[in-house]
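The values are calculated or read from the model by the stated rules, or taken from the named source; none is laboratory data. Being a predicted model, the structure only gives us computed values, none of them experimental. Methodologically, a virtual Cβ is constructed for each residue, glycine included, from the backbone with ideal geometry; neighbour enumeration extends over all protein chains shown. SASA here: full protein model, heavy atoms, side chains in, ligands and nucleic acids out. Shrake-Rupley method; radii C 1.70, N 1.55, O 1.52, S 1.80 Å.
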Amino acid sequence: MTKQELIKERRSQDWRTELRKAHPNKERIAYERTKMSELPIAERITSFHEEVSLGYTREEAMAEARRCLDCPNPGCVEGCPVGIHIPSFIKLIEKGEMLEAVGIIRETSSLPAVCGRVCPQEKQCESQCIYTLSLKKEAVSIGNLERYVADYERIHRDHSIKPKHSEKPKLGRIAVVGSGPAGLSFATDMAKWGYDVTVYEAESQLGGVLRYGIPEFCLPNSIIEDELDKMRDLGVTFQTDTIVGKTITYEDLKVQGMDGIFIATGVGVANYMGIPGEDLKGVYTASEYLAKYNIMSPEELAEALPSLRGKRVAVIGGGNTAIDAVRTAIRLDAKQATIVYRRSEEEMPARAEEIKHAREEGTEFFNLHNPVEYLGDESGHVTAMRLERMELGAPDESGRRRPVATGEIITVPVDEVIICIGYSASTLVTKSMPELEVNKWGNIVVDEGKKTSMPDVYAGGDIVRGAATVILAMGDGRRAATAMHQKLSGRIEEGALV
């Protein structure tokens, strides 16, 4: 059954027909979007470990679900990179069947509690909602509803019930390189289909960018741990502090009997602008800055805080990582926390909600400015940055208006600079596998099924795309799992992402 046939079949169920009759579209359209409660600003700027967005109550979730018009041709599904049957799970929320709702999501997404928090829904599924496209109203809050049912499942499911493992011999042994969203999504599908899966992680903790790159006030570590526990219940094995290409090689994995390998290492080499002063003390990359504080315990942060207070911090960039970094600086009691971005706010790639939170928490924005030099003192520590004012020209290949230098320079005092202008691919894995084809940026070249130039090696996520979103990485993982499983077994499972 195709995706569209399944959507049509589910929409025609008697109970959904009755729901539509009980609340006609005219009534549904009159409802305003249900806002999510948030932690008060005075509390959130002093906490690393409490979420800012507090989630819906059951009543709020059902009220928001009632806004969904249950469209016969739902654009939101096409806007979702992993093809979640969005109206199907939302109608179950309206009906009050929360575990059944999250079951629909898990048919195609292995990390709903994560995606409900960090995915840019306003640019994906919600951008294709009929409210957005035709009614000129706020879209149904798909991300918040996904988060609600995922959290409901975590709280209410019976943790004593474990998935039943097949007593049949495993279909094969699979190695996954990297425990970020692409690797976890791939590993989940392969384990469900009967493979013996081992995930190799270079760091000491699992989760990749989810753990090291996203602060807990956006994505609590407890959410990541819960998803990892589900994977362990499926039989997935994790091996940390293991660098594929150094600690263990491709040849070692083949000797161990691995039938397939999926590379999902992300892109871990931070980009620099190549301007004077980037080597000064106090100039950091976003990855080292965020990772340092993301893995600290509350006790460690409290001990370190007195020496970190009162700094003037500038964050260079306009993506989600930049917003995470500046909001981290605020929680470290910065005297001044500033975003420096060469385009206007309208061109910022960060989520609108994250920009809103950053502004509420006291972030200053130097939009249409670009660093040209960092200045330091006699000890080699950064003390100021020279910024050039920009103006917007014609759109570039990304569709955003190109920033054009004006020659006008200002000097701004600063104590710390965090550079967040993107990442490039690490060559550690690819150089250890010389038969692996890469492009000029060092990203692995794959076909539509995510197969590389090596017949038993697949790849996905940022190591293929360059820096992108969690949900796109997950989609790559699921497509690679489908293709590898089909090659090894000759089958395509129901619910596979093709």
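Being closer than 27 Å to G319 by Cα, open to solvent by 10 Å² or more (accessible area, probe 1.4 Å) and basic (K, R) narrows it down to one residue among K292, K246, K230, K254; which is it? Just a single option satisfies the conditions, and that option is K292. Looking only at segment 364-373, filter to residues that are of a type outside the set (D, E, K, R) and under 14 Å from T338 (Cβ atoms); which one of those is least open to solvent (accessible area, probe 1.4 Å)? Among those residues, the one meeting the criterion is P371.
Only one of the numbered conditions (1) open to solvent by less than 30 Å² (accessible area, probe 1.4 Å); (2) at pLDDT below 95 is violated by A61, and that is (2). Residues in segment 443-455 that are in a loop (DSSP other than H, G, I, E, B), touching a strand residue (DSSP E or B) at 6+ places or on another chain (Cβ under 8 Å) and surrounded by 18 or more Cβ atoms within 10 Å (Cβ to Cβ): 3 in all. Just one of the listed residues (V269, V209, V283) is crowded, with 17+ Cβ neighbours inside 10 Å, of a type in the set (A, V, I, L, M, F, W, C) and within 23 Å of the chain's Cα centre (by Cα), and it is V209. I86 falls short on exactly one of the conditions (1) more than 16 Å from D70 (Cβ to Cβ); (2) of a type in the set (V, I, T); (3) open to solvent by less than 10 Å² (accessible area, probe 1.4 Å), and that condition is (1). When restricted to residues that are under 25 Å from the mean Cα position of the chain (by Cα) and surrounded by 16 or more Cβ atoms within 10 Å (Cβ to Cβ), segment 394-421 contains 5. Check segment 305-328 and report whether any residue there is surrounded by fewer than 16 Cβ atoms within 10 Å (Cβ to Cβ), over 25 Å from V372 (Cα atoms) and among the hydrophobic types (A, V, I, L, M, F, W, C). The answer is yes, given that some residue of segment 305-328 is surrounded by fewer than 16 Cβ atoms within 10 Å (Cβ to Cβ), over 25 Å from V372 (Cα atoms) and among the hydrophobic types (A, V, I, L, M, F, W, C). In segment 349-367, of all residues being of a type in the set (D, E) and either out of contact with any strand residue (DSSP E or B) (no Cβ under 6 Å at 6 or more places or on another chain) or in a helix (DSSP H, G or I) (or both), the one that is farthest from D415 (Cα to Cα) corresponds to E353. Among the conditions (1) surrounded by fewer than 24 Cβ atoms within 10 Å (Cβ to Cβ); (2) within 14 Å of the chain's Cα centre (by Cα), the only one that N144 does not satisfy is (2).
For segment 389-428, the set of residues classified as assigned to a strand (DSSP E or B), touching a residue at least 40 places away in the same chain (Cβ under 8 Å) and closer than 28 Å to G268 by Cα consists of R401, P403, E416, V417, I418, I419, Y423, S424, listed by residue number.
Selection of segment 147-158 for residues being at pLDDT below 90 and open to solvent by less than 90 Å² (accessible area, probe 1.4 Å) yields R157, D158.
If the condition is being within 13 Å of the chain's Cα centre (by Cα), outside any loop (DSSP other than H, G, I, E, B) and not charged (D, E, K, R), then segment 90-124 contributes P112, A113, V114, C115, G116, V118, Q121. Among the helices (runs of 4 or more DSSP H) contained in segment 218-318, which hold 3 or more residues that are under 30 Å from Y458 (Cβ atoms)? The helices (runs of 4 or more DSSP H) meeting that bar are 221-233, 250-255, 286-294. Filtering segment 465-486 to residues that are assigned to a helix (DSSP H, G or I) and open to solvent by 30 Å² or more (accessible area, probe 1.4 Å) leaves R465, L472, R479, Q486. Residues in segment 335-348 that are outside any helix (DSSP H, G or I) and buried (at least 17 other Cβ atoms within 10 Å of the Cβ): Q336, A337, T338, I339, V340, Y341, R342, R343, S344, M348.
Among the residues making up segment 381-410, those that are acidic (D, E) and farther than 15 Å from G317 by Cα are E391, D396, E397, E408. Among the residues of segment 212-227, just one is open to solvent by 40 Å² or more (accessible area, probe 1.4 Å) and of a type in the set (S, T, Y), namely S222. Only one of the listed residues (K431, K440) is assigned to a loop (DSSP other than H, G, I, E, B) and open to solvent by 50 Å² or more (accessible area, probe 1.4 Å). That residue is K440.
Among what's in segment 98-141 and is open to solvent by 60 Å² or more (accessible area, probe 1.4 Å) and over 22 Å from R351 (Cα atoms), pick the residue that is modelled with the lowest pLDDT. Taking the candidates together, the pick is E107. Quick one: in segment 374-388, of everything that is outside any strand (DSSP E or B) and of a type outside the set (G, A, S), which residue is surrounded by the fewest Cβ atoms within 10 Å (Cβ to Cβ)? The qualifying residue surrounded by the fewest Cβ atoms within 10 Å (Cβ to Cβ) is E378.
Among the residues of segment 316-334, is any farther than 19 Å from S47 by Cβ and over 21 Å from the mean Cα position of the chain (by Cα)? There is no residue in segment 316-334 that is farther than 19 Å from S47 by Cβ and over 21 Å from the mean Cα position of the chain (by Cα). When residues in segment 98-145 are screened for being touching a helix residue (DSSP H, G or I) at 6+ places or on another chain (Cβ under 9 Å) and either under 23 Å from I323 (Cα atoms) or free of Cβ contacts under 8 Å to residues at least 24 places away in the same chain (or both), 26 of them pass.
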